[in-house]
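Report on the following structure.
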Amino acid sequence: MGSIFSKIINRELPAYIVAEDEQHIAFLDINPLAEGHTLVIPKVEIDYIYDLENQTLAQLHVFAKKVAIALKKIVPCKRIGVAVAGLEVPHAHIHLIPMNQIADISFSRPKLNFTKAQYEKMAGQITEAFRAGTNHTTTLS
Ligand code: 5GP
């Protein structure tokens, strides 16, 4: 059986997708710590991020960088925090969390709630910024 995230990749489960390429997908976290909290995952289903092949891991981070740049254009914040936990969903993923202070990236904080319309608006704006930025963002190759 595939992970929840593989089901999102395969469109068997809904998600507010913000960016995608052949090997990666990024979507809004359903229980966000901050507005715009995004998960970036490889399409290959591997539980522990450091079990990824070096090239796959490097490409995942480069893709996450592009998403983070787009996210920062949409959500006012000091910077985009990056975290990897992976204790809940056994499919490697990077959390991108807009932050203004260190406490903003604390996973023990209460999660936020947004309406479907708010999630859709946020996802649409990030997607637009991502598409606008992909032409001039550094790639591995
Ligand atoms: P971790 O595995 O890094 O500890 O946490 C997994 C993250 O995935 C959590 O922040 C949780 O809110 C998020 N998450 C779990 N299930 C879903 C889901 O079905 N859809 C989305 N968009 N996020 C999920």
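The values are calculated or read from the model by the stated rules, or taken from the named source; none is laboratory data. These numbers were taken from a predicted model, which means no experiment stands behind them. Neighbour counts are summed over all protein chains in view; Cβ atoms, including those assigned to glycine, are modelled from backbone coordinates with ideal geometry. Each accessible area value is taken on the protein alone, full model and side chains, heavy atoms only, with ligands, DNA and RNA left out. Shrake-Rupley method; radii C 1.70, N 1.55, O 1.52, S 1.80 Å.
Counting only protein heavy atoms and a 1.4 Å probe, tell me what percentage of the chain's accessible area is made up of carbon and sulfur.
Working: 4350 of 8180 Å².
Using a 1.4 Å probe with all protein chains present, the chain comes out at 53 percent carbon and sulfur.
Taking each pair of different alpha-carbon atoms in the chain once, compute 1/r for the pair, average those values, and report the inverse of that mean as the Kirkwood hydrodynamic radius in Å to one decimal. Before the final figure, lay out the partial values.
Values: mean 1/r = 0.0659 Å⁻¹.
Hydrodynamic radius (Kirkwood, Cα only) of the chain equals 15.2 Å.
Contact order normalised by length for the chain, with contacts defined as Cα pairs under 8 Å and 6 or more residues apart; what percent is it? The partial results should precede the final answer.
Working: 227 pairs, mean separation 42.0, N = 141.
Computed over the chain, the figure is 30 percent.
Which residue, 84, 18, 75, has the most motion in a Gaussian network model of the chain that connects Cα atoms within less than 10 Å?
Residue with maximal mean-square fluctuation among 84, 18, 75: 84.
Around residue 15, under 11 Å between beta carbons, what's the net of Lys plus Arg minus Asp minus Glu among the other residues?
Numbers: positive: 7, 11; negative: 12, 20, 29.
Net of charged neighbours comes to -1.
In region 3-78, which GluC sites (Glu not before Pro) fall in coil by DSSP and have 14 or fewer other Cβ atoms within 10 Å? Don't skip to the answer; put the middle values down first.
Numbers: sites: 12, 20, 22, 35, 45, 53; in loops: 12, 22, 35, 45, 53.
Loop-located and lightly packed - 12, 22, 45, 53.
With n ≥ 4 as the cut-off for DSSP H runs, can you work out [θ] at 222 nm for the chain, using -39500 (n - 2.57) per run divided by the number of residues, rounded to the nearest 500?
-10500 deg cm²/dmol
Note the count of lysine pairs whose C-alpha atoms are less than 17 angstrom apart in region 1-98, limited to pairs 8 or more residues apart or on different chains. Before the final figure, lay out the partial values.
Values: 7/43; 43/65; 43/66; 65/73; 65/78; 66/78.
Eligible lysine pairs with Cα atoms under 17 Å apart amount to 6.
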